[in-house]
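Below you'll find the structure, written out as structure tokens, and then a few comments.
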Amino acid sequence: MSLESLRNQIDTLDDQLLNLLNQRMELVRRVGELKRSTNAVIYRPEREKQILDRLHEQNNGLLNREAIEAIFLEIFAVSRNLELPERVAYLGPEGSFTHQAAESRFGAMSTYVALPTIRSVFESVETGRVRFGVVPIENNQEGVVSEAVDLLLEKDLTIAAEAQIPVHFTFATKAENLTDITHIYSKDIAFRQCSKFLNDSFDGLKVEQVPVESTSKAAKMAAQNPNSAALCSTIAAKLFGVPILFGNIEDSNLNRTRFLILAKDFVNQPSGRDKTTMIARLPNTDRPGVLAEFLQEFNLRRINITKIESRPLREGATFRYWFLLECEGHATDPDLQEILNHHAAEVKLLGSYVRVS
Ligand SMILES: C=C(O[C@@H]1C=C(C(=O)O)C=C[C@H]1O)C(=O)O
């Protein structure tokens, strides 16, 4: 078949796609009206997951799961914008990994607000300046982003969804030679993800590692000082015009970071594949067995705990802790509900949401 005839067929299909997409948008608009009349939330990650699962299951064409997700997540994001344009804050500046994570959920058409610190993202959701906030919570090689974990305790927000992205670092600098570099900027946890590269490249050189609020802020700083460098995303280096000297400098090529999408009073319906996050402030953890007894409640009900992190309570000069705990399942599952009821006084639910992996 000729190129022209193939392209003609593509044009015909595109016309049909556009027509179908407009029909879909019309239905979405009506869903939006229904939601507004009942004050229901617009963003329904569990419904979106259901659609993706169904499409994936019945798919027998060339598109794989990632492709279907990429296309439909964008369609959902455009739909939500039609229902109600919503503002999304993220740890900026532009080009941060958090920005990429935010776009993976909210698409290209949402209104984004880049904020300088994780705390300011929490605060912008708290004050209603934005509807959603995206913050990094943990890296699969280096563990939690403690600032974000501590703010989950301090602030009264809920988790609407999670996102994960692969994280690859570039080494960007305006310096002519490595020996001209006196400072390297990045986020604290990012230095640790690139420790092998840093040890190999700067062994014996006097270079100061300067932690800044985000990796894209690091790129911005490196753009201003030719004797410095940044460990940042390729996108950030390009955005701020800092030449990339090395790529993929992370210790592990399976490096991934997980992000939380925060909102006020957000409640998801069960999707069938959920995760629940809670904060446990157990009474008097000095007594033997307090933590074990709490965990045993999950074990007895065969609920899989996927994460437990202890953080300091910061009560005077003591060494006492609260726990961030995550498990499989939804807070409305009878078993999990039982635990939450037993411990209503010491456990705060942060949310149940669609599990990504
Ligand atoms: C249209 C809806 O609202 C949003 C958009 C969706 C879509 O485009 O299919 C799905 C879920 C919601 O995030 C809905 O809830 O059905």
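The values are calculated or read from the model by the stated rules, or taken from the named source; none is laboratory data. Predicted model, so just to flag it, every value in this text is computed and none were measured. In this analysis, Cβ positions are derived from the backbone assuming ideal geometry, glycine residues included, and neighbour counts consider all displayed protein chains. SASA here: full protein model, heavy atoms, side chains in, ligands and nucleic acids out. Shrake-Rupley method; radii C 1.70, N 1.55, O 1.52, S 1.80 Å.
Data table
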read-out: Per residue solvent-accessible surface (Å²) - the range 270-354, probe of 1.4 Å; value: 53
read-out: Mean ellipticity per residue at 222 nm, deg cm²/dmol - from DSSP H runs of n ≥ 4 across the chain, formula -39500 (n - 2.57); value: -13000 deg cm²/dmol
read-out: Rel. contact order, % - alpha carbon contacts under 8 angstrom, at least six apart, the range 214-300; value: 16
read-out: Probe 1.4 Å, accessible area per residue of the range 170-246, Å²; value: 48
read-out: When each of 174/275; 196/238; 196/307; 187/307 is checked by Cα-Cα distance, pairs over 32 Å; value: 174/275
read-out: Computed P(r) (all Cα pairs; the chain; 10 Å bins; percent); value: 5, 21, 27, 24, 16, 6, 1, 0
read-out: Solvent-accessible heavy-atom area per residue, rounded to whole Å², over the range 3-166 at 1.4 Å; value: 52
read-out: Added length on full extension, which subtracts the Cα-Cα distance from 0.36 nm per residue, residue 8 to residue 146; value: 44.2 nm
read-out: Gain on full stretching of the segment that runs from residue 18 to residue 1 - 0.36 nm per residue minus C-alpha separation; value: 3.6 nm
read-out: Protein accessible area in the chain, 1.4 Å probe - carbon and sulfur %; value: 52
read-out: Label-point separation, residue 315 to residue 234 (7 Å along Cα→Cβ), nm; value: 5.0
read-out: Full-extension gain in nm, residue 225 to residue 199, via 0.36 nm per residue minus C-alpha separation; value: 7.1 nm
read-out: Point-to-point label distance, residue 264-residue 180, nm (Cα→Cβ direction, 7 Å offset); value: 5.0
read-out: Relative contact order computed over the chain (Cα-Cα under 8 Å; 6+ residues apart), in percent; value: 17
read-out: With 5 Å bins from 0: P(r) over the range 53-101, alpha-carbon pairs, percent; value: 5, 17, 16, 18, 19, 14, 9, 3, 0
read-out: Span-rule helices in the chain, defined as complete DSSP H runs reaching 24 Å or more along the axis (Cα) with Kyte mean at least 0.0; value: 65-83
read-out: Virtual spin-label span in nm between residue 342 and residue 70, 7 Å along Cα→Cβ; value: 4.6
